[in-house]
Amino acid sequence: MLRESSELAGIPVDLHTVVDTSITTEVPAGRELLALADALVSGLGLVEARSAVVDSVGPIAASRAVGVIANFETMNRILDAGAVRVSERHRANLAEVGLPVDW
């Protein structure tokens, strides 16, 4: 979804930035958004991450970002619980950014 939405918005995205923080992202507030996603999933550093996103993009966009992150986390949990297998197309996408699927 990130690849498709970035193309539609005309924002170049290197998906490697999701797994490699040493790569600079072109996404506005990209680092802050990644930190917020990690904090929401792990529960660590949530206050700081949320504040950084609000400071970067404002409260309305921050609220939307939390909704998107929550939606992705929900989809991941549903897919994991249902033991849904990753398609060949998506395996290639994951391998491209260094997240190979072994099953």
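The values are calculated or read from the model by the stated rules, or taken from the named source; none is laboratory data. Since the model is a prediction, treat every value here as computed from it, not as a measurement. Methodologically, a virtual Cβ is constructed for each residue, glycine included, from the backbone with ideal geometry; neighbour enumeration extends over all protein chains shown.
At a glance:
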{"quantity": "Qualifying residue in segment 76-88 (condition: under 20 Å from Ser5 (Cα atoms) and in a helix (DSSP H, G or I))", "calculated": "yes"}
{"quantity": "Within segment 79-103, tally of residues that are more than 13 Å from His16 (Cα to Cα) and of a type in the set (S, T, N, Q)", "calculated": "1"}
{"quantity": "Any pair with Cβ under 7 angstrom, 6 or more apart, that starts in segment 1-14 at a residue that is free of Cβ contacts under 8 Å to residues at least 40 places away in the same chain and outside any helix (DSSP H, G or I) and ends at one that is among the hydrophobic types (A, V, I, L, M, F, W, C) and surrounded by 10 or more Cβ atoms within 10 Å (Cβ to Cβ)", "calculated": "Ile11/Val27; Val13/Leu2; Val13/Val27; Asp14/Ile23"}
{"quantity": "Some residue of segment 40-52 being within 13 Å of the chain's Cα centre (by Cα) and assigned to a helix (DSSP H, G or I)", "calculated": "yes"}
{"quantity": "Residue among Val66, Val97 that alone is under 18 Å from Gly30 (Cβ atoms) and either out of contact with any Leu (no Cβ under 9 Å at 6 or more places or on another chain) or free of Cβ contacts under 8 Å to residues at least 60 places away in the same chain (or both)", "calculated": "Val66"}
{"quantity": "Positions within segment 79-91 being within 21 Å of Asp14 (Cα to Cα) and surrounded by 12 or more Cβ atoms within 10 Å (Cβ to Cβ), in sequence order", "calculated": "Arg91"}
{"quantity": "Residue in segment 61-71 that is under 15 Å from the mean Cα position of the chain (by Cα) and surrounded by fewer than 11 Cβ atoms within 10 Å (Cβ to Cβ) present", "calculated": "yes"}
{"quantity": "Pick from segment 24-45, criterion loosely packed, with under 12 Cβ neighbours inside 10 Å and free of Cβ contacts under 8 Å to residues at least 24 places away in the same chain, ranking: nearest to Gly98 (Cα to Cα)", "calculated": "Thr24"}
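Each row is one residue, and each column tells you yes or no for (1) at pLDDT below 95; (2) out of contact with any Asp or Glu (no Cβ under 7 Å at 6 or more places or on another chain).
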| site | (1), (2) |
| --- | --- |
| Pro28 | yes, yes |
| Arg31 | yes, yes |
| Ala37 | yes, yes |
| Val41 | yes, no |
| Glu48 | no, yes |
| Ser51 | no, yes |
| Val54 | no, yes |
| Ala65 | yes, yes |
